[in-house]
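Data block below; observations after.
A short reminder: the numbers here are calculations on the coordinates, not readings from a lab. Note that the coordinates shown come from a computational prediction; the quantities given were computed from them, not determined experimentally. Cβ sites come from the backbone with ideal geometry, for glycine too, and all protein chains shown count toward neighbours.
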Amino acid sequence: MIFSDKKILEAIEKGDIVVEPFNRSALGTNSYDVHLGKYLAVYKDEVLDAKKHNKITEIEIGPEGFVIQPGVLYLGVTEEYTETHTAVPFLEGKSSVGRLGIDIHATAGKGDVGFCNTWTLEISCVHPVRIYASMPIGQLIYFAVDGNIENYYNKKANAKYNERTIKPVESMMWKNKF
């Protein structure tokens, strides 16, 4: 079941959902709009290796914006830090962003109960688009969880994305054993 605006507000008041900074005007009927942070990153190497730590180059989006190009994976970040303690957060792109030909996540649209951080975005586009820091980029939708949680993300010893950041985080696949 998807949370309504009133249910999202109730969860925020109880501390079950945290959004910093919180802006009441970003609350939709059944979602909360998140905004693009001022940092992007791109991988340094042309060929990425799932077993290696692939390094990134940071880009700061200035007031003039930044033109993203097709064929490049950009890692972005939300301005908003979020915590979700009793629901499953899903991050989806806004339709206005999609209509510009921008995808904001390749596969990682679902968060875990207990995820506490900004959201790293996997941004790609079908043609060049100028983007801006603080532009609405996506929306968080919250789903109710049925049953008790045994393994909250922020308490997992092997969680790879728990360090609080305002910058995009590269893949930590290399930390997995395979």
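Multiplying each eigenvalue of the alpha-carbon gyration tensor of region 25-66 by 5 and taking the square root yields semi-axes of 31, 17, 6 Å, largest first, rounded to whole angstroms. At each listed q (0.13, 0.15 Å⁻¹), what is the log10 of I(q)/I(0) that the Debye formula gives for region 5-146 modelled as equal alpha-carbon point scatterers? So the normalised log intensities are -0.59, -0.76. Comparing THR82, THR57, THR120 in a Gaussian network model of the chain (Cα springs below 10 Å), the most mobile by mean-square fluctuation is THR57.
Other residues with beta-carbon under 14 Å from the beta-carbon of LYS44 carry, at +1 per Lys or Arg and -1 per Asp or Glu, a net charge of -3. At full extension, GLU60 and LYS156 could sit 31.4 nm farther apart than now, given 0.36 nm per residue minus the alpha carbon distance. Between LYS6 and SER134, the modelled labels are 3.3 nm apart [label points 7 Å from Cα along Cα→Cβ]. Close Lys pairs in region 5-146 (alpha-carbon distance under 25 Å; sequence gap of 8 or more, or different chains): 15. Please identify the longest segment of the chain free of exposed trypsin sites (Lys or Arg not before Pro), where exposed means a DSSP state other than H, G, I, E or B and no more than 12 other Cβ atoms within 10 Å. Here the longest run is 100-155. Shown in residue order for region 40-57 are the 3J(HN,Hα) couplings computed by the Karplus curve 6.51 cos²θ - 1.76 cosθ + 1.60 at θ = phi - 60°: 10, 8, 10, 6, 6, 8, 6, 10, 8, 10, 5, 9, 10, 7, 7, 7, 10, 10 Hz (x for Gly and Pro). Find how many whole Å separate the alpha carbon centroid of region 53-100 from the alpha carbon centroid of region 127-150. Between the Cα centres of region 127-150 and region 53-100 lies a distance of 9 Å. For the chain, the relative contact order comes to 30 percent (Cα pairs under 8 Å, sequence separation of at least 6).
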